[in-house]
Amino acid sequence: MTAGKPFVSAAPTPPGAPIASSAHAEEAQASDPHRLRHALGRFATGVTLVTAADPSGAPVGLTVNSFASLSLEPPLVLWSLREASPTLSAFRAAPRFAVNVLAESQIELSRVFASRHAHRFAAGAWQCGDDGVPLLVGAAATFLCATVSQQQAGDHVLFIGRVLHFADSHEPPLLFQGGRYRRLGTVL
Ligand SMILES: Cc1cc2nc3c(=O)[nH]c(=O)nc-3n(C[C@H](O)[C@H](O)[C@H](O)COP(=O)(O)O)c2cc1C
């Protein structure tokens, strides 16, 4: 393990020891959400805009970094949406959604789509995919998906989608880690 704040106790965890088996680890997770959020923030992710069309055809979307690949055969991806989101009913009803992986140059879009901005889609250049799903022009990658599963999970709803179409580019992706936007570093 690398040096840093000990997660479980002051005693260093031996390499390979299962930290999840410690009662202290569970106590820390349950009683200290701030510390848990900090620890989760150590995990570096990309940044996406997940989009769909609501039943009236209007675009909906938000900034999401819970996106992950799930399966190659069949091609499945997942992401989660905060249950209190005003877009929840639209995503629950939508047969399709798109995951637009932001390029580094699209950092402003991440801010707009994570804000209370009333007209989020006025920012960025958009094309219309299947079922009116907004697809971001210039994204690092785009995945158009059919919703195959929705599941309540704590205070979020987990969406699983089957990838129907995808596109990628050579644009460097935007990264997020420790609560900050970052860019790709050198190859190790
Ligand atoms: C980098 C980043 C990643 C985010 N990831 C998620 C996510 O995975 N799921 C989620 O529900 N909200 C996520 N959010 C928060 C939403 O983007 C934010 O709450 C937004 O205002 C939600 O839109 P809404 O108010 O229409 O629900 C993220 C925000 C940022 C800045």
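Here are some notes:
- Only Lys, Arg (+1) and Asp, Glu (-1) charged, at Cβ; segment 45-178 dipole about Cα centre in debye: 280 debye
- Between Ala93 and Glu73, the C-beta separation translates, for a Förster distance of 41 Å, into a calculated FRET efficiency of about 0.90.
- Segment 46-128: translational diffusion in µm²/s, Stokes-Einstein, Kirkwood Rh over Cα pairs, 20 °C, 1.002 mPa s: 160 µm²/s
- Hydrodynamic analysis of segment 38-188 uses the Kirkwood radius over alpha carbon pairs. Inserted into Stokes-Einstein at 20 °C and 1.002 mPa s, it gives a translational diffusion coefficient of 138 µm²/s.
- When you filter the chymotrypsin sites (Phe, Trp or Tyr not before Pro) in segment 25-92 for DSSP loop state and at most 12 other Cβ atoms inside 10 Å of their Cβ, you are left with Phe43.
- Spin-label pair Ala125/Arg35, simplified geometry with 7 Å Cα→Cβ offset, distance in nm: 4.9 nm
Only the coordinates and a few stated rules stand behind these numbers; no lab work does. Here the structure is a predicted model, which means the values were calculated and not measured. Positions of Cβ are backbone-derived with ideal geometry, glycine not excepted, and every protein chain shown enters the neighbour counts.
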